[in-house]
1. Over region 434-504, what relative contact order in percent results from Cα pairs under 8 Å that are six or more residues apart?
2. Quick check: pseudo-label points 7 Å beyond the Cα along Cα→Cβ at Thr148 and Asp228, how many nm apart are they?
3. Take the Cα of Thr272, step 7 Å along the line toward its Cβ, and report every residue of region 202-218 whose backbone nitrogen sits under 16 Å from that point.
4. Rolling a 1.4 angstrom probe over the protein chains, ignoring ligands and nucleic acids, what is the accessible area of Arg379 in square angstrom, nearest 10?
5. When a/c reaches 1.5 or more, the comparison of a/b and b/c decides; with that in mind, is region 185-302 rounded, prolate or oblate per its Cα gyration tensor?
6. Of all the accessible heavy-atom surface of the chain, with the other protein chains kept in place and a 1.4 Å probe, what percent is carbon and sulfur?
7. Over 20 Å between Cα atoms: which of Lys74/Lys138; Lys273/Lys387; Lys432/Lys555 fall into that group?
8. Give me the one-decimal nm value for the distance between modelled label points at Lys508 and Ser160, 7 Å along each residue's Cα-to-Cβ direction.
Amino acid sequence: MNYSFNESNKMKMKYRNIRLTVIVACATVLLCAACSDEWNDHYNGNDTSIAKSGTLWGAISSQGNLSNFTRVVKACGYDAVLNGSQTFTVFAPTDDQFQAGQADSLIEVFNAQKARGVKSDDNTVVKQFLQNHICLFKHPVSSLTDTTIVMMNGKYAKLSPDRIDQRTFLSKNELYGNGVLYTINNKVDYFPNVFEYLGLDQELDSVYQFLNSYSIYEFDETKSVPGDIINGRTEYLDSVTSLTNELFRALGRINSEDSTYWMVAPTNDEWTKLSTTYTDYFNYHKNVAKRDSMQFANARLAILAGTIFSRTENPDPAFRDSAISTTAVHHSTRTIMKLDPYYVFYHPFEKGNIFDVQEQVTCSNGEVLKAPVLNVDPRNTFMQTIKVEAENVLNQDTIQDAEEPLTVRHVAVENPFRDKISGNAFVEVVPKPASMNPTVRFSIPNVLSNVKYDVYCVFAPVAAFDTLATHEQRLPNSFRVALRYPDANGVTSDRDLTGTKRTQSDEKGECNVVDTVLLAENYVFPTSSWDLSDPQVSVRLRSTVTSRQTSTYTKVFRIDCFLFVPRIEATEPENAKRNIQ
């Protein structure tokens, strides 16, 4: 297509005008965006060019109506923190309500704890007062503000256009070089969580001291205030550490503001009484490494296990019917593995049950139930029935005069003994050679000392896997029993139990039932093997069938499992027997 000179110029002018229009439009958008960014920066407190001169500390210390707050900040060394480069928001109570006497009292407590060697992060004045009025980063408010912020001590605070929690702003959004300052009409109340409350209540501080002995504070760079770099390393004006505690992972995160827990806490007298009683259950022999510290710790963990409940895992109304503690195995796992419901408490609010307590205290993350008497049956928590499955090769200690490995028999679905035998499996101990009497020994883990046990062996009939078995195969057993365990000096030996034991026989002289044979009654072990890698305790069965008895008894053992059942005597306190369904 051909254009004339004039047409070509007109076309160039048209394109030039279009380009100018686009440039102007883009410039306008950028200008508007810049204005918007400037406003947002101002609103969010990010533009330090419009901030007042100086730091938060300079502002706080120069305001006459903050003199009491200023004195506490300086006494605790937080003047350097608020004078540094890290960004904070401070809610400072004025002198009208936060008065000189209150400030003096806080400073006195701080200095007393400091003199005792209490670290800054553990000092109650720092944690419960100062850090309760300071949070990281800038948090300005507007007419639309409706949010929750996290204070330096981890507490959550509600922030609205005119207040923080229940405290009203007297001034707000004062922006300085390192943060935002508010003044408020009174100090913000400190609301302890479950763990913190234990340390504040003098009737519960024994529990707190034990739990807190596992506390470790680790340096948290994100919350610490950096200073100058000296010799290539950052020196921190304020080194903030975060609390970790291995017991919280095991028992429940009762220090977390993000969770909700109930804890039944024994008072000091009850703690002392139970600690003394439970210590006898964890008496390790003298050759066990760290025996004293293990005895001390395990006796006290035995008190606490089962006393903490996550409300997430215990929603209403099911909570009133059964309370599942954090130590309990999950219901689905218990069902699949057919486990007993340890650490589960039925009808917990009824009189004499676990939630029947003297006082209930609301905390920031749940409830503390103060218990002058801990209504917990130890047989429902740590003093459990020990079940050892014979078919588990790890439980098989020694095999003598018998075929090895032991044959595992399974109970078929259509067999009449299905679900009448633990795990629907058992072992068959066959003599080798046939003329010999076999001997088998099984290891028993986690036995407690000074507890009366009834010891059983559960035998399976041959019909549990072979319904066509002959009369000779159905004969009962005749055997003797010995228990092996160490004494207080660590010397291990067999203790033969008196009498020959026999399984049941019917009118035909056959054993056609699952037979639970009592091996020992009220048997007490002098030492504990709780939580040891070496089981320490074992039970030995030795066939005693003579050549003259082969038509009456069989030398073949068919063993399902062993049971060590703890007993509570009638003289025990009534509260020790509750919560067993």
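The values are calculated or read from the model by the stated rules, or taken from the named source; none is laboratory data. Computed from a prediction, not measured in an experiment: that's the story for all the values here. Methodologically, a virtual Cβ is constructed for each residue, glycine included, from the backbone with ideal geometry; neighbour enumeration extends over all protein chains shown. The protein model used for the area step is the full one, side chains on, heavy atoms only, and it has no ligands, DNA or RNA in it. Shrake-Rupley method; radii C 1.70, N 1.55, O 1.52, S 1.80 Å.
1. About 23 percent, as a whole number.
2. Modelled inter-label distance: 4.3 nm.
3. It comes to 202-210, nothing else.
4. 70
5. oblate
6. 50
7. Check vs 20 Å cut-off fails for Lys74/Lys138; Lys273/Lys387.
8. 8.3
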